Amino acid sequence: MEKLIQIRIEDDVKKRVDDVFRSEGLSSQQAVKMFLTQVANTGHSPFEGMFGPRSK
């Protein structure tokens, strides 16, 4: 079973992202699905440590 994820993104950002992924033969939807699958498979986020408390 699959779940639907919806996001809102600015038109300009979406267009630029679509251009990048299209040049690689992907849709934005495919790229996001690949990203989420990779995070699920590895158990690691590329954002680890970026948004946590900052040390002084």
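Quick look at the numbers
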| read-out | value |
| --- | --- |
| Residue order for Lys3, Lys33 - accessible surface, 1.4 angstrom probe, largest first | Lys3, Lys33 |
| Sparse-neighbour loop sites [chymotrypsin sites (Phe, Trp or Tyr not before Pro); the chain; at most 14 other C-beta within 10 Å; DSSP] | Phe47, Phe51 |
| Unit charges on C-beta of K, R, D, E only; dipole of the chain, Debye | 240 debye |
| Under-24-angstrom lysine pairs by C-alpha in the chain, whenever the two are 8 or more apart or on separate chains | 4 |
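The values are calculated or read from the model by the stated rules, or taken from the named source; none is laboratory data. Here the structure is a predicted model, which means the values were calculated and not measured. We place every Cβ from the backbone using ideal geometry, glycine too, and count neighbours over all the protein chains shown. Each accessible area value is taken on the protein alone, full model and side chains, heavy atoms only, with ligands, DNA and RNA left out. Shrake-Rupley method; radii C 1.70, N 1.55, O 1.52, S 1.80 Å.
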